[in-house]
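What follows is a set of notes on a single structure, which appears directly below.
The values are calculated or read from the model by the stated rules, or taken from the named source; none is laboratory data. Nothing here was measured: the structure is a model prediction, and the numbers come from that model. Heads up, the Cβs are rebuilt from the backbone with ideal geometry, glycines too, and the neighbour counts pull from every protein chain shown.
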Amino acid sequence: MSDHSSTKVHPVIEALEQANAATVVINGFLGTSEDNVVRLYDSLDLSSYIEIPKDDIIHMKSEESDKPGTISAFVRSSSEILSVHRSRFSALNLNQQLTPSVPGQFPTPISADACFYACAALPEHQFMEDMEHIKSDLTLPDSARNFRRQTATDILRAQLTECESKFGSPLVINGVKGVVKNILAKYPI
């Protein structure tokens with residue numbers, strides 16, 4: 001039997017064992033932020049970032065990867081995270097930026113890097129249009145409205161699940177289920 005007294009426990013394992021909580025790993029570029037949060041950018045163009053409460057970060061470590069300056073944050077899965085996506089354009093072009101140039105193809109307010117949110121933009125826009133049609137058709141009985149809403153929700157869930165399989169889980173609590181819940185809250189009938 002070998003002597004393990006001089007062997008040290010890996011610092012990530014030690015932190016996770018001490019926290020004894022479900023965690024998710026979030027990778028990104030560390031940015032400046034308020035004292036009570038940590039800001040991680042999706043890319044170096046600064047168009048998209050998340051803020052994680054410092055109290056919910058169990059451990060952070062620098063990544064030795066092909067993207068220098070990235071870190072991995074081990075975050076409590078129960079943490080509420082703020083996600084911000086920014087885009088800049090002239091005030092003259094406001095309506096042009098907010099209106100799809102091709103029906104069904106909404107401009108993506110996220111960095112050009114492929115990610116879950118870029119993939120999810122079109123299904124959410126389609127769902128919004130479906131909800132507007134359902135709301136505006138006053139001849140529909142309630143049972144038909146509910147059926148159409150459920151059908152649109154099922155299609156949305158399937159499309160978001162496909163985005164998740166391509167790009168990984170979204171940075172929200174409960175993954176696709178949480179995204180669907182947030183979208184449904186934005187578009188009530």
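Considering the range 145-161 alone, what residues qualify as being aliphatic (A, V, I, L, M) and surrounded by fewer than 14 Cβ atoms within 10 Å (Cβ to Cβ)?
Of everything in the range 145-161, just one residue is aliphatic (A, V, I, L, M) and surrounded by fewer than 14 Cβ atoms within 10 Å (Cβ to Cβ), namely Ala158.
If you take the residues in the range 35-84 that are surrounded by 17 or more Cβ atoms within 10 Å (Cβ to Cβ) and more than 30 Å from Ile13 (Cβ to Cβ), which one is modelled with the highest pLDDT?
Ser48
Return the total of residues in the range 30-55 being under 21 Å from Cys115 (Cβ atoms) and among the polar types (S, T, N, Q).
So the answer is 4.
Which residues, counting only those in the range 133-144, are assigned to a loop (DSSP other than H, G, I, E, B) and surrounded by 14 or more Cβ atoms within 10 Å (Cβ to Cβ)?
Leu140
Can you give me the number of residues within the range 19-49 that are part of a strand (DSSP E or B), touching a residue at least 40 places away in the same chain (Cβ under 8 Å) and of a type in the set (Ser, Thr, Tyr)?
2
If the Cβ limit is 6 Å and pairs must be 6+ apart or interchain, which residue in the range 145-170 that is in the same structural domain as Cys115 (by TED's automatic domain parsing) pairs with which residue that is crowded, with 17+ Cβ neighbours inside 10 Å and in a loop (DSSP other than H, G, I, E, B)?
Phe167/Cys115
Give the residue, chosen from Leu156, Leu92, Leu160, Leu98, that is in contact with an Asp or Glu (Cβ under 8 Å, 6 or more places away or on another chain) and either closer than 21 Å to Lys181 by Cα or modelled with pLDDT under 75 (or both).
On the way: Leu92 fails: in contact with an Asp or Glu (Cβ under 8 Å, 6 or more places away or on another chain); Leu160 fails: in contact with an Asp or Glu (Cβ under 8 Å, 6 or more places away or on another chain); Leu98 fails: in contact with an Asp or Glu (Cβ under 8 Å, 6 or more places away or on another chain).
Within the list Leu156, Leu92, Leu160, Leu98, the selection yields Leu156.
Here's the yes/no breakdown for (1) in contact with a helix residue (DSSP H, G or I) (Cβ under 9 Å, 6 or more places away or on another chain); (2) within 19 Å of His85 (Cβ to Cβ); (3) of a type in the set (S, T, N, Q):
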position	(1), (2), (3)
Val9	yes, no, no
Ala15	no, no, no
Ala19	no, no, no
Gly31	no, yes, no
Asp45	no, yes, no
Ser48	yes, yes, yes
Asp55	no, no, no
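Of all residues in the range 7-21 being among the β-branched types (Val, Ile, Thr) and over 16 Å from Ser72 (Cβ atoms), which is surrounded by the most Cβ atoms within 10 Å (Cβ to Cβ)?
Val9
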